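The structure appears right after this line, and notes come after that.
The values are calculated or read from the model by the stated rules, or taken from the named source; none is laboratory data. All figures in this text were calculated on a predicted structure; none of them were measured in a lab. Using ideal geometry, Cβ is built from the backbone for each residue, glycine included, and neighbour counts are taken over all protein chains shown.
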Amino acid sequence: MSSAAASPLHQHVFGHGPQAIYGLHGWGGDHNTFAPLERLIPAGYRILSPDMPGYGASAPPERWDIPSIAREIARDMEPVPGGPMIFLGNCSGALLGLYAVMLAPHRFRRLVLIDPFAWMPWYFRVFTVPGGEIPYYSTFANPLGRLIANASLSRRMETETGMVTSFGSVNHAVTLRYLRLLGGIRGVDDFAALRLPVDIVHGERTFQAIRDGLSRWRRIWPHLKVHELKGAAHLPIQEAPEELARVLFAG
C-alpha cells in the first residue's frame, strides 16, 4: 500500500493495475475502509482511496456544503491517469461521490454503490435537528453510548467489531457536520441524469431502510443491477469481501 502523489486529498492506492477504481469511504471512515479488498484485487486493477475532506489526513473542505465537497472530490479525481474509472462508493460516500461524478461523468464507465441509503431514516435524522448535537455526542462520543449503540445494532453486523466502535477515534465535529449535510440531500432524483452502468451491493441483513430504498434507485436507473450478499449486514467490505470483489471486478 503506497501513498499517491500530488493529490488534493490524502490518498492511498491499493493494487498496481491500469484500471483505476475510485473508492470513497462512508460516514466516520477513512481510506482504510477498502483495506479488506487489497488481497483480492486482480492484477489489472488498483483502488484509489482518499480520505474525504476533513476526514483522516485530509484538510477540512473550503466550505461545509455539498457543492464545495463535491468540487474537492472532483478535483481529486481529475489527475488520475488512464481511461474511464469505476466509481466505488460506500454508504454515505456513495451519495457524496455521486455529486462529484456528476461534475465529470466522462471520467467514469461504471458505478458500484455499497449499502447506499435513498433517504435518511429517522434514527439518523434525530441528530441533525436543532439540539441534535446532544444525543449525537451522548451516542457516538461517549464510550457507554457506543456500547449501547453497538448492542442495539448487533443484528446489522456480521463482524465482531461494532458498527460505531471506530467513532472512538474520529473528529466528532467533522462527523456531525457531515451527518447534517447528508440530512439536507433532497433525494436520489438528484442523480437521475447519470446514465452509467450501475450496481448496488447490499448485505442480506442490512438496514430495512436501505432495502426499502431500492425502489427509488430503480426508478431513476431502470438498468440498475442489485446484488444481495448472503450473511452480510451493513458492512459488506469487512463482512463479505470475497463476494463483494466478485461483483466489483466482474466488469
**Prompt:** From the list Asp65, Asp76, which residue is of a type in the set (Asp, Glu) and at pLDDT 95 or above?
**Reply:** Asp65
**Matching residues, segment 74-132, being closer than 15 Å to Ala209 by Cβ, free of Cβ contacts under 8 Å to residues at least 40 places away in the same chain and not hydrophobic (A, V, I, L, M, F, W, C)** = Tyr123
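If you go through segment 16-42, how many residues are among the hydrophobic types (A, V, I, L, M, F, W, C) and modelled with pLDDT under 95? Steps first, please.
Start the filter on segment 16-42 by keeping residues that are among the hydrophobic types (A, V, I, L, M, F, W, C), which leaves 20-21, 24, 27, 34-35, 37, 40-41.
So of that shortlist, the ones also modelled with pLDDT under 95 come out as 27.
Count: 1.
Among the residues of segment 128-150, count how many are farther than 15 Å from Phe207 by Cα, among the aliphatic types (A, V, I, L, M) and modelled with pLDDT under 90. First the steps, then the outcome.
Pass one, segment 128-150, residues farther than 15 Å from Phe207 by Cα: 128-148.
Add one more test, that the residue is among the aliphatic types (A, V, I, L, M), and what stays is 129, 134, 141, 144, 147-148.
Subsequent filtering for residues that are modelled with pLDDT under 90 retains 141, 144, 147-148.
Of the residues in that region, 4 qualify.
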**Fill in**
The helices (runs of 4 or more DSSP H) lying entirely within segment 192-251 that contain at least 3 residues which are in contact with a strand residue (DSSP E or B) (Cβ under 7 Å, 6 or more places away or on another chain) and crowded, with 18+ Cβ neighbours inside 10 Å are 236-239, 241-248
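Taking into account only those residues within segment 106-127 that are outside any loop (DSSP other than H, G, I, E, B) and at pLDDT 95 or above, which is surrounded by the fewest Cβ atoms within 10 Å (Cβ to Cβ)?
Narrowing segment 106-127 to residues outside any loop (DSSP other than H, G, I, E, B): 106-114, 122-125.
If we keep only those that are at pLDDT 95 or above too, we end up with 108-114.
Details: Phe108: 19, Arg109: 15, Arg110: 17, Leu111: 23, Val112: 25, Leu113: 24, Ile114: 28.
Per the stated criteria, the residue is Arg109.
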